[in-house]
Structures are given as C-alpha cells and as structure tokens.
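Worksheet: one structure, shown below.
The values are calculated or read from the model by the stated rules, or taken from the named source; none is laboratory data. Remember, predicted model here, so these are calculated numbers, not experimental data. A quick note on method: Cβ atoms are made from the backbone with ideal geometry, for glycine too, and the neighbour counts reach across all protein chains shown. Accessible surface is based on the protein model in full, side chains and every heavy atom, while ligands, DNA and RNA are left aside. Shrake-Rupley method; radii C 1.70, N 1.55, O 1.52, S 1.80 Å.
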Amino acid sequence: MEKLINQFEFGLFFWQILIFVGLILLLKKFAWKPILDAVNEREEGIKNALQSAEQARQEMANLKSDNEKLLADARAERDTLLKEAREIKEKMINDAKADAQAQGEKMIAQAKAAIEGEKNAAMAELKSQVSALSIEIAEKLLRDELSNKEAQSKLVEKMLGDSKLN
C-alpha cells in the first residue's frame, strides 16, 4: 500500500477521475436509461401479471361458484327425475295390479258362469234321467196293473173320479 501512495501522481489521478466521470455520464445517458426502462418495464409486466393472476383467480372463483350452482341444479333435477320415475313405477305397478285383479275377477266370473251352466246342464240331465226312470217305473207298474182286466177298470174309475174332483 505504501508503494501506491509513494507513486501517486496528481495528473494521472485527474485523468482517471475525468475518465471515470465521463464513463459515468456515458453510462447514465446510454446505459442507465435503457436499464431503468427495462427494470420499469419488468416491474410493469410483473404488476400486469399479478393483476391478470388476480383476475384469473376471481374468474376461477366465479367459475367455481357457477359450477357449484350448476351441480346443485343438476342434483335437484336428478332428484326430481328420480322422484318422477319412482312415481311412474308405482303407478305402473298399481295399474298392473288393478288390471290383474280385474282380469282375475273377470276370469272368476266366467268360471262361476261356466260352473252355473254346467250345474244347470247336470240338473237338466238329472231331471231328464229321473223323468225317464219315473216313466219307466210307471210303465212297469201300469203293465203289471193293466195286465189284469179288473185292475184296469178300477184304475179307470179312480182316474175319472180324480179328474171330476179337480
């Protein structure tokens, strides 16, 4: 350090200061302004980016609330559709039960009518058979009774007496 102090020259110092000040002035005129402009532009760009990010965050919040609203609406609509589907299902089941019951009652009525018809036919056949048997028995009795002449006369008199009384 002593060596530097001993070799100090005022002229060299003056020219170095002058060059240094000139360099500072040149840098200020040509370098500082573009550097400061670049820094200001960068600062402005960062501000714009922050504002854009804030707007995007706000839009995302709005979209999120809109999505939640849409989801709630969709859920409500889904619930409504499911309720309607259940009601339609119940109605279809009740209608099917009513139709089945009506058809069952109709089939029972038809079966009762068929049974009644069969019963009437059986009764008619039974009456027919009873009357045929009665006629056959009466015929046999009359043959036995009418084979005798005296019995025939008594029967005719008895019938005549009965017919006059009526």
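Placing unit charges on the Cβ atoms of the charged side chains and taking the dipole of the chain about its Cα centre, the candidate lying farthest along the positive direction among Ala121, Ser163, Asn62 is Asn62.
For segment 1-51, the list of chymotrypsin sites (Phe, Trp or Tyr not before Pro) that fall in a loop by DSSP and count at most 16 other C-beta atoms within 10 angstrom reads Phe8. Note on Phe10 and Glu87: the extension gain reaches 16.9 nm, defined as 0.36 nm multiplied by sequence separation minus the Cα-Cα distance.
Phi angles of segment 116-129 translate, via the Karplus equation with coefficients 6.51, -1.76, 1.60 and θ = phi - 60°, into HN-Hα couplings of 4, x, 4, 4, 4, 5, 5, 5, 4, 5, 5, 4, 4, 5 Hz per residue; Gly and Pro are given as x.
Accessible area per residue of the chain at 1.4 Å probe, in Å²? Numbers along the way, then the final one.
Details: 15630 Å² over 166 residues.
Dividing the accessible area of the chain by its residue count gives 94 Å².
Here the chain has 63 percent of its accessible surface on carbon and sulfur atoms, given a 1.4 Å probe and all protein chains in place. Applying a DSSP loop filter and a limit of 12 other Cβ atoms within 10 Å to the GluC sites (Glu not before Pro) in segment 1-94 leaves Glu9.
Computed over the chain with a Gaussian network model linking Cα atoms closer than 10 Å, the most mobile of Asp73, Asp37, Asp95 is Asp37.
Annotation: extensible slack from Leu70 through Ile115 equals 9.6 nm (criterion: 0.36 nm per residue apart, minus Cα-Cα distance).
GNM, the chain, Cα, under 10 Å: largest mean-square fluctuation among Ala76, Ala102, Ala122? So, out of Ala76, Ala102, Ala122, the one fluctuating most is Ala122. Equivalent ellipsoid of the chain: semi-axes from √(5λ) of the C-alpha gyration tensor, largest first, are 145, 15, 9 Å. In a fully extended conformation the segment linking Ala98 and Glu125 would gain 5.7 nm over its present Cα-Cα distance, using 0.36 nm per residue.
Taking the Cα centre of the chain as origin and charging only Cβ (+1 Lys, Arg; -1 Asp, Glu), how large is the dipole, in debye to the nearest 20? Numbers along the way, then the final one.
Working: 26 positive and 29 negative charges, 34 e Å.
That gives a dipole near 160 debye.
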